[in-house]
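S.K.: I'd like to ask some things about the structure below.
No lab work stands behind these numbers, since they all come straight from the coordinates. Since the model is a prediction, treat every value here as computed from it, not as a measurement. Cβ atoms come from the backbone with ideal geometry, glycine included; neighbour counts cover every protein chain shown.
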Amino acid sequence: MIRTTLATITALVALALPAAAADDVIAAPTLRASVAVSSDVVRVGDLIDNAGSAAQIPVYRSPDLGTTGTLTVGQVLSVLRAKQVIGVMTGDIREVQVTRLARTLASKDLEVAVASALERRFGLGDAANITVMLDRGISEMRLDASNTGALQPVATRYDARGGRFDIAFEISNDNSPTPTKLRFTGTAIETVEVAVLTRDIDRTELLKSSDVSLERRPKAEVTGEPASRDRTLGMQLRRPMRAGMPIRVADIVKPDFVVRDQAVTIIYQVPGVYLTTRGKAIESGAEGDTISVINLQSKRTLTGVVTGRGQVTIQGASQSAPMAPAVEQTSSLKRDEVPAAAALAQSLVQAPASAAHVAQAQIPQVRVSQAPAKSE
């Protein structure tokens, strides 16, 4: 029994001694499988944990900005031994990847910075409407990761005639009081969104969705107010235009509802009377336009307003009525009132009516329309 107790105590003491000793031993240096560095050199402390006083010793040149390099474990250990770093624990690591951190500026970022520097200066407009083309054709630019500041323009030159720019920028650097300097040259022009024809269009055609696309064009190419795509649809051109031509507001008009020499319906309206007859247009016109027409029955030339396709309306009593007594009639009057309306038309067609004649002719109609309704 005593022997068993002594054996147990001895075993416990043996187990306790390594644990107590471990607290007094410095942790062994351990190799890392993946390393990210922001400086141009790789140090011992970047490659291994628990490097101690050797952490700041440089051992490799860093990969290029924004790239990753690979080292075998044998290569790393050989370099570390040369720096008096031994006893490195590698575990099952076979190679070490080293990545150089960087700040990447895409070409779009640079173009936006240039456009912002030129915004509302030198006769240019908003930055969103300035198209920038860099001379060097830069797809992207990589800077040290310590360059964390914004691109600040410090010197700007621009030639409005040729659109050439020369702009210097500075970026604040976390590792240095001296900012990083960048300089870009190229061309910057102000553009506008404008509707552009996709095919040749004649004046008589109505613009459809497939006939128009939206593009950005140099502002200097579009004299006058550019037309939006939505504004052009359903409209007509003032003149024939070729594919690729930008469309201005001044180039489009409402579609012609009446075409010259077209047969039209002439509508004559006075209070209480609505009469129609056949006619021919002397000129073309869109809805709301005032045009001249010929009454085919009376052969008189009249002036009216285009109110629909193939339809011209003449209102009031300022000119001769355009219909003869035998015309088609559409009236708001009751059946027993039509003869009176026909008499009115007869009197108006036979001779040019003065304002007094028309006023007298209208009196019966007013009285009729104002008469109390008969009870049934």
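S.K.: Once a ≥ b ≥ c are taken as the square roots of the eigenvalues of the Cα gyration tensor of the range 104-191, is the result rounded (a/c under 1.5), prolate (a/b larger than b/c) or oblate (a/b not larger than b/c)?
M.R.: In terms of gyration-tensor shape, prolate.
S.K.: What chymotrypsin sites (Phe, Trp or Tyr not before Pro) in the range 85-188 are in a loop by DSSP, with at most 15 other Cβ atoms within 10 Å of the Cβ?
M.R.: Counting only loop positions with at most 15 other Cβ atoms within 10 Å, the chymotrypsin sites (Phe, Trp or Tyr not before Pro) in the range 85-188 are F122.
S.K.: Under a plain spin-label model, where a point goes 7 Å from the Cα along Cα-to-Cβ, how far apart in nm are F122 and D174?
M.R.: Distance between label points: 3.4 nm.
S.K.: Subtracting the Cα-Cα distance from 0.36 nm times the residue separation, let me have the gained length for R61 to V259 in nm, one decimal.
M.R.: Length gained, R61 through V259: 63.1 nm.
S.K.: Please work out the Cα center distance from the range 215-277 to the range 26-84, rounded to the nearest Å.
M.R.: 75
S.K.: Sort the range 192-252 into rounded, prolate or oblate with this rule: let a ≥ b ≥ c be the square roots of the eigenvalues of the Cα gyration tensor; rounded if a/c is under 1.5, and if a/c is not under 1.5, prolate when a/b is larger than b/c, oblate otherwise.
M.R.: Numbers: a/c = 1.62, a/b = 1.49, b/c = 1.08.
Prolate is the answer for the range 192-252, as a/c is 1.5 or above and a/b outweighs b/c.
S.K.: List every residue whose amide H lies under 5 Å from the amide H of N173, counting only residues 5 or more places away in sequence or on a different chain, with H placed 1.01 Å from N in the peptide plane.
M.R.: T180
S.K.: With charges only on Cβ, +1 for K and R and -1 for D and E, what is the dipole size of the range 104-191 about its Cα centre, in debye, rounded to 20?
M.R.: 240
S.K.: Which length gain, in nm to one decimal place, applies between R309 and D159 when the Cα-Cα distance is subtracted from 0.36 nm times their residue separation?
M.R.: On the way: separation 150, 0.36 × 150 = 54.00 nm, distance 5.31 nm.
Using 0.36 nm per residue and subtracting the Cα-Cα distance, I get 48.7 nm.
S.K.: Could you tell me which trypsin sites (Lys or Arg not before Pro) in the range 154-197 are loop residues by DSSP with no more than 15 other beta carbons within 10 angstrom of their beta carbon?
M.R.: R161
S.K.: Once phi is turned into θ = phi - 60°, what whole-Hz ³J(HN,Hα) does the Karplus curve with 6.51, -1.76 and 1.60 give for every residue of the range 185-190, x standing for Gly and Pro?
M.R.: 10, x, 10, 9, 10, 7
S.K.: Among 101-111, 65-75, how do they line up by average Cβ neighbours within 10 Å per residue, starting with the highest?
M.R.: 101-111, 65-75
S.K.: May I pose another question? How big is the range 145-288 in terms of Cα radius of gyration and Dmax, in angstroms?
M.R.: My reading of the Cα-based Rg and Dmax gives 27.3, 91 Å.
S.K.: For labels at T131 and S209 in the simple 7 Å Cα→Cβ model, what's the distance in nm?
M.R.: For the pair T131/S209, the computed spacing is 2.6 nm.
S.K.: Listed highest first by mean packing, meaning other Cβ atoms within 10 Å per residue, what order do 268-280, 198-210, 289-301 come in? Write out the running numbers ahead of the final one.
M.R.: Working: 268-280: 19.5, 198-210: 13.5, 289-301: 16.6.
In descending order of packing, they fall as 268-280, 289-301, 198-210.
S.K.: What nm value, rounded to one decimal, do you get for the distance between D92 and R199 when each label is placed 7 Å out toward the C-beta?
M.R.: So the label points at D92 and R199 sit 6.8 nm apart.
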